[in-house]
Every structure is written in structure tokens, then in C-alpha cells.
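Data first, discussion second: the structure below is written as C-alpha cells.
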């Protein structure tokens, strides 16, 4: 069974610090990797995707992928209280009838 | 706004009622999805439609009946629901094989009394 594992948290970081969110996946055939942010009572919002090994930066967000270790992470620099949310990791094979497989999410709390 | 709209945003219904949830996407996608999200639980995929054909049905009870009349519209027909069906119902759309991620609508908060 394909699984995506995340620490449920909460992960608490002080304002201005780097928040590091981690995700591991079981399906070695996975090709695309996504991070979603979900505020309480709201729907998930796509914030980053990554396909290749290495780092991908977008503003304060950096996604890191290591396919050999089946590990993907999200770094949030200069964390703000508005970053407090649940972050969902999702992966897909990109082929056939294989929609996204979501993790349970990590709750991040940025303390002012 | 993600380009995916859902109506109604909130719905309270009795166990004997029949209601429908509507989803519309304006992104030119060819796949649409229904998810259920209960309190403190992960997203549960319910149905997947690709090019208006249902390609996945994750053992969802028959009291939930999806309909996809075209690539822009998706419905979830509800009848004789149970209180445990109370949840946030999310619609999403994507390009099915291109792996660019799914875009979610705002959801319908459903309460079954």
C-alpha cells in the first residue's frame, strides 16, 4: 500500500526562525511531489511542487527532494505567525489512474 | 481564488433529506475529484473522474452518488446520510496525467442532524 508519512506535530518555532517539515513516501515509482498548506477550516492550497532531486526555492519556501532516500522536505525561512497552518505532503506516479496520495499533515505553530 | 468553486459552502440536512453538492472548475483541467475531510483526520479520496468517466471509487457508501456531466462540472448527490457523514467535502481538479498538482475548491461544510 502506498503511504506518505509525516510527523503530525505540532511543530513550534519562534517567529523569524526556519521551520523544517519532513515527509517520507513508500512508492519508489513516485515522480511528482507537492506541498499544500491548509489553514484551519479552509481547503488545502498548493504552495510548492518538485520533480527533480535537489532544492527548489520560491520566495521564503524551499522544497528538497531526495529520491534515493524517498524523502521530501519543506523549509520555511523567516517564519511568520501567518505561516501557522497544517502542511500536507502529497506524491504521485504521474501515470495511469494514480491520483495524489496525501500524508496526514504536520501542524506548524509560529510563535510571535 | 483557485478557479474551483463549490456550492453551497454550508449545508445542514436531516438523515432523510436529499441534497446535492456542486463543483465547477474554470482551469481547463480534465480530471475532477471529491474528497472527504473529517475533524482531525486526513483527506479521504472518494471519487475520481477523468474525461468525465469515473476512474476510481474508494469503497464509498452508495448514499453518496457522483455525477460528472462535463469536464467543468461535478456533483455529489446525497441521500439518507448518517451523522458520521458530517465533514468538509472538498472538490479538486487537475490535468490528470501531467502531475502539476490538484487545485481545491473552498469546500462544503456538511452537518447531518
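Quick note: the coordinates plus some simple rules give every number you see, no bench work behind them. Here the structure is a predicted model, which is why all the values come from computation and not from measurement. Cβ: placed from backbone, ideal geometry, glycine included. Neighbour counts: every protein chain shown.
Worth pointing out:
- Two-site FRET efficiency, residue A:31 against residue B:53, from Cβ-Cβ distance with R₀ of 25 Å, rounded to 0.05: 0.60
- For A:38-49, mean number of other protein chain Cβ atoms within 10 Å: 4
- Modelled FRET efficiency - R0 25 Å, residue A:39 with residue B:38, Cβ distances, 0.05 increments: 0.90
- Here the simple spin-label model places points 7 Å from the Cα toward Cβ, and for residue A:51 and residue B:95 these points are separated by 0.9 nm.
- Sorted ascending by nearby beta carbons within 10 Å, beginning with the fewest, B:29, B:73 become B:73, B:29.
- Estimated from the Cβ-Cβ distance and a Förster radius of 41 angstrom, the FRET efficiency linking residue B:18 and residue A:58 is about 0.40.
- Shielding of B:39-45 by partner chains, average beta-carbon count, 10 Å: 4
- Exercise: per-residue mean of other protein chain Cβ atoms within 10 Å, B:102-110: 3
- Among B:91, B:23, B:68, the residue with the largest mean-square fluctuation in a Gaussian network model of chain B, with springs joining Cα atoms closer than 10 Å, is B:68.
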